[in-house]
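Take a look at the structure below.
The values are calculated or read from the model by the stated rules, or taken from the named source; none is laboratory data. Just so it is clear, the structure is predicted and the values come from calculations on it, not from any experiment. Ideal geometry is used to build each Cβ from the backbone, glycine not excepted, and the neighbour counts take in all protein chains shown.
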Amino acid sequence: MAVKVVDLRCSGCGGALAPSEHFCKYCGNAVVVTSFNSIYAATAQDAMRLSRALDKDPAAASGGEMGNLVNFTQAGCYLKLKLHDKALEKFEAAIEADFDNPEAYFYAAVCLLRGKKAFLAPLADIKKAIEYADAALMLENRGAFNYLKAYIKHDFHARRCLRISPDWRGEMSAALSNNLSPADAAALFQILGVECPAPLAF
């Protein structure tokens, strides 16, 4: 039996949506968060809309593509609201639903920093964040993923005089080789909620 979320409505215009739609056919508003560039398009209203829909059909979040999109969108909303622990829980649920989604690993790594400088994070969270960033990179060579690792290794390892290989310079070089864009560089620090260290300025 197919699972569906009922009564989905666009947060932009209020138009009715099908669960499979990624964009509203009436106003073009993003229905779910599916990419690095669209994570900040999600709003608190999106999270409330999804919660109401799941109240009516809680099985929709339990698996399959729709469950993954629901978890990913809710996670994006929580991250935007700086509810890092709730966002992490949902990104990890999205990973369980789809092991091949590099963005879910990337954002899980971001959540582990909890909106603070990497220097302040516990070592266990730093190790897990690097594991998630490595998983994202195994699925897709993207400069933003290396750039996150460069930031972590600069702010945590270099500042604490801890050796790691490759170091932040190696990750920065890889980020540039993987076509890191100025837009993605700026977006990363907006999402992290911290200032970009001068040596990593792009």
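Observations on the model:
- Yes/no for Phe145 being under 19 Å from Tyr105 (Cβ atoms), under 15 Å from the mean Cα position of the chain (by Cα) and among the aromatic types (Phe, Trp, Tyr): yes
Yes or no, residue by residue, for (1) free of Cβ contacts under 8 Å to residues at least 12 places away in the same chain; (2) in a helix (DSSP H, G or I):
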position: Ala109; (1), (2): no, yes
position: Arg114; (1), (2): no, no
position: Phe119; (1), (2): no, yes
position: Lys127; (1), (2): yes, yes
position: Ala136; (1), (2): no, yes
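- Selection status of Glu131, in the same structural domain as Ile191 (by TED's automatic domain parsing), acidic (Asp, Glu) and either in contact with a strand residue (DSSP E or B) (Cβ under 6 Å, 6 or more places away or on another chain) or within 25 Å of Pro197 (Cβ to Cβ) (or both): yes
- The set of residues in segment 104-118 being more than 13 Å from Ile152 (Cβ to Cβ), over 8 Å from the mean Cα position of the chain (by Cα) and of a type in the set (A, V, I, L, M) is empty.
- Against the list (1) surrounded by 18 or more Cβ atoms within 10 Å (Cβ to Cβ); (2) part of a helix (DSSP H, G or I), the condition Leu180 fails is (2).
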